[in-house]
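Just below is one structure, and these are the notes that go with it.
The values are calculated or read from the model by the stated rules, or taken from the named source; none is laboratory data. Remember, it's a predicted structure, so these values are computed and weren't measured experimentally. We place every Cβ from the backbone using ideal geometry, glycine too, and count neighbours over all the protein chains shown.
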């Protein structure tokens, strides 16, 4: 998604131009773009009358914020103790193999970003893979293939619909 200053202005307006709202503003920008574009950090600093280094310090301190572009789908594999003993390393290897990326990276087509976490706090469901906030518990290698295929198929359907719509528009 391309950075749109109007979106940032609406977010700042929603919270107000006070320093105490920096974290809430960053969270909303992260939610909107899935990362914090440099242009957004500069505008936030200007609007809240903060040094850019202060905004950057907060943005880089919290693991939930990303300072690099991320894919449309965020795939997270838990590496906590319960998940680890129930096969998380094998699950992670499979996800890496299917997507062709390592944790912290995004596929070349910007469709998937792979992340790992130390614990998701849902140990009874171990091992866990989360895609776009949706938890997939008791994950097996076979289930990884099904989960990823589900998101890849959804992407193809969207592309097909867009092509069909553009053909209909051309006919008119």
statement: If we keep only residues of segment 1-29 that are at pLDDT below 95 and within 23 Å of residue 104 (Cβ to Cβ), then the residue surrounded by the most Cβ atoms within 10 Å (Cβ to Cβ) is 3
- prompt: Can you name every residue in segment 91-115 that is assigned to a loop (DSSP other than H, G, I, E, B) and surrounded by fewer than 17 Cβ atoms within 10 Å (Cβ to Cβ)?
  reply: 100, 102, 103, 104, 107, 108, 109, 110, 111
message: Being in a helix (DSSP H, G or I) and within 19 Å of residue 111 (Cα to Cα) is the filter here; which residues of segment 30-43 pass it?
response: 30, 31, 32, 33
task: Specify the residue that is modelled with the highest pLDDT; the eligible residues are those in segment 62-90 that are surrounded by fewer than 16 Cβ atoms within 10 Å (Cβ to Cβ) and under 17 Å from the mean Cα position of the chain (by Cα).
output: 67
Among the candidates 22, 26, residue that is closer than 25 Å to residue 133 by Cα, outside the structural domain of residue 133 (by TED's automatic domain parsing) and within 17 Å of the chain's Cα centre (by Cα): 26
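Which ones in segment 116-144 are in contact with a strand residue (DSSP E or B) (Cβ under 6 Å, 6 or more places away or on another chain) and either loosely packed, with under 15 Cβ neighbours inside 10 Å or closer than 17 Å to residue 103 by Cα (or both)? Lay out the reasoning, then the answer.
Step one: of segment 116-144, the residues in contact with a strand residue (DSSP E or B) (Cβ under 6 Å, 6 or more places away or on another chain) are 116-117, 120, 128-132, 136, 139.
Matches in segment 116-144: 116, 117, 120, 128, 129, 130, 131, 132.
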